[in-house]
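Each remark here refers to the structure printed beneath this line.
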Amino acid sequence: MILQVGDGIARIHGLDEVMAGELVEFEEGTIGIALNLESNNVGVVLVGDGLMVQEGISLKAIGRIA
């Protein structure tokens, strides 16, 4: 789930198994790259404009490294 979005970065909670550089897909179709792996959240760089990405929406790890 998205905790915070701003400046092309989304802070995510709940992707415990994601790898650095792994692609993620938000429920509305935007793609992101997981880069900043912290103990309680993950920083995801949004690819494209990401205008529809909002706090509270879900996402999934795709399983591919960018």
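Taken together, the values in this text are just the output of simple stated rules run on the coordinates, not laboratory data. As the structure is a prediction and not an experimental result, all values here were calculated from the model. So basically every Cβ, Gly included, is an ideal-geometry build from the backbone, and we count neighbours across all protein chains shown.
Counting only strands (runs of 3 or more DSSP E) that fall entirely inside the stretch 14-66 and contain at least 2 residues that are under 12 Å from I2 (Cα atoms) and among the β-branched types (V, I, T), the qualifying elements are 42-47. Yes or no: V5 out of contact with any strand residue (DSSP E or B) (no Cβ under 7 Å at 6 or more places or on another chain), surrounded by 12 or more Cβ atoms within 10 Å (Cβ to Cβ), in contact (Cβ under 8 Å) with a residue 40 or more places away in the chain and among the β-branched types (V, I, T)? Judged against the criteria, V5 is a match.
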